[in-house]
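The values are calculated or read from the model by the stated rules, or taken from the named source; none is laboratory data. In this text, all values refer to a predicted model and were calculated from it rather than measured experimentally. All Cβ positions, glycine included, derive from the backbone under ideal geometry; neighbour counts span all protein chains shown.
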Amino acid sequence: MSWTLAELSKIETDVLRKSVVDALLMESNLLELCPWETIGQLSTGIIKVQNLPSVGFRKINAGYTESTGHFEHAVENIALMGVDIDTDIAIARAKNTIADARAIQQAMSLRAMAFAFNDKFINGDPTTAPADALEYKGLRKRVDDISDEGYTNQKILTSVTASTGILNSSNESHNFLNDLDKLIYAISGHKPDFLLMNMKMLLALRSVLRKEKLLDNTRDMFDRVVDVYQGCRLIDIGVKADQSTEVITSTETVAGVDAAADEHTSIYAVKFGVGEMTWGIQEYPLEVRDLGELEDKPVFRTRVDFPLGLATINPRSLARLYGVIPDASAA
């Protein structure tokens, strides 16, 4: 059985754990939407369909030609993510603070944890430097791998003129919407759950859709307005924990494309589904423990522990539109 953190929050009875879950959900739409499968181990094997059997026709009294579909075995690994939240006892007991010191430390740490999750969801690459080898594989690397396997429609280079951008020409706006529809169509069932982008891309896309009267709205679990196009939620994935570096940058390098504007960015399409699309895996559900005062120093510690990863079984559950310049005039 799988749960999203949003569903878990609704039934959680432990006050501390619920406060942690809600804090993470406030800072990460992905944690709200992603379903989690508990696997009880540090890795899991998945079987992906490599190609389908061939089907033919036969003559009377003749047989069919035998054909067998082929499968590919892959392994998805868990990354041990978490944080220890320490508060000095002297600060925690001070009477002249404007708010509970442990609560403030917890809020700051959980915001950082949510931002780190958002970052690795896109940029995680366990094949990079050893210091980063503990992370799980994110969407950028997954789409590259899928494209290298022959699913070239999952990685789409925009047709918009680099020197123009999507906001500065009605013709280029329509070219961009054509590209966006290709991105959506590349997903299984032609309907991703959401489209991920940065703030500048979201504002530009919202402007184009509003101009063409194609922008819809709904509300999330916190009653915040959410933009929708063709049933897909449009999500600004935000910044990293430093509060300034974009998770999906506006300075991507695109081979063979004029990069003078230095404003290229990407939009990722994702469709969730446990065991059939892309989904979250966890060794065990998120745990929150109040460890009390440590023996070696006078601090109170709260530990948040979330061993997690991603799994992809259907290559058409992920796609990326890249090389987009939202507004060339701002470069």
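Restricting the search to the range 284-324, which residues are more than 26 Å from Ala186 (Cβ to Cβ) and not in a strand (DSSP E or B)?
Tyr284, Pro285, Leu286, Leu294, Glu295, Asp296, Lys297, Pro298
In the range 189-218, what count of residues is obtained for those that are under 26 Å from Ile146 (Cα atoms) and surrounded by fewer than 16 Cβ atoms within 10 Å (Cβ to Cβ)?
Adding up the residues that qualify gives 3.
How do the strands (runs of 3 or more DSSP E) wholly within the range 42-117 filter down when requiring 1 or more residues that are loosely packed, with under 12 Cβ neighbours inside 10 Å: which remain?
Ranges flagged: 43-51, 70-77.
Among the residues of the range 99-106, is any farther than 30 Å from Asn314 by Cβ, outside the structural domain of Glu37 (by TED's automatic domain parsing) and modelled with pLDDT under 90?
There is no residue in the range 99-106 that is farther than 30 Å from Asn314 by Cβ, outside the structural domain of Glu37 (by TED's automatic domain parsing) and modelled with pLDDT under 90.
Go through the range 148-199 and give me each residue that's of a type outside the set (Val, Ile, Thr), in a loop (DSSP other than H, G, I, E, B) and in contact (Cβ under 8 Å) with a residue 60 or more places away in the chain.
Those that are of a type outside the set (Val, Ile, Thr), in a loop (DSSP other than H, G, I, E, B) and in contact (Cβ under 8 Å) with a residue 60 or more places away in the chain: Glu149, Tyr151, Ala162, Ser163, Gly165, Leu167, Asn168, Ala186, Lys191, Pro192, Asp193, Asn198.
Could you pull out the residue among Ser188, Ser173, Ser207 that is touching a Ser or Thr at 6+ places or on another chain (Cβ under 8 Å), assigned by TED's automatic domain parsing to the domain that holds Ile156 and of a type outside the set (A, V, I, L, M, F, W, C)?
Ser188
Any chance you could count how many residues in the range 17-76 are over 30 Å from Asp223 (Cβ atoms) and of a type in the set (Lys, Arg)?
Residues meeting the conditions: 3.
Can you go through Thr253, Thr265 and tell me which one is outside the structural domain of Ser9 (by TED's automatic domain parsing) and at pLDDT 90 or above?
Thr265
Quick check on my filter: what residues within the range 244-255 are free of Cβ contacts under 8 Å to residues at least 40 places away in the same chain and within 18 Å of the chain's Cα centre (by Cα)?
Selection gives Thr245 alone.
Among residues belonging to the range 261-281 that are within 15 Å of Asp327 (Cα to Cα) and either touching a His at 6+ places or on another chain (Cβ under 8 Å) or of a type outside the set (A, V, I, L, M) (or both), point out the one that is surrounded by the fewest Cβ atoms within 10 Å (Cβ to Cβ).
Filtering first and then ranking leaves Asp262.
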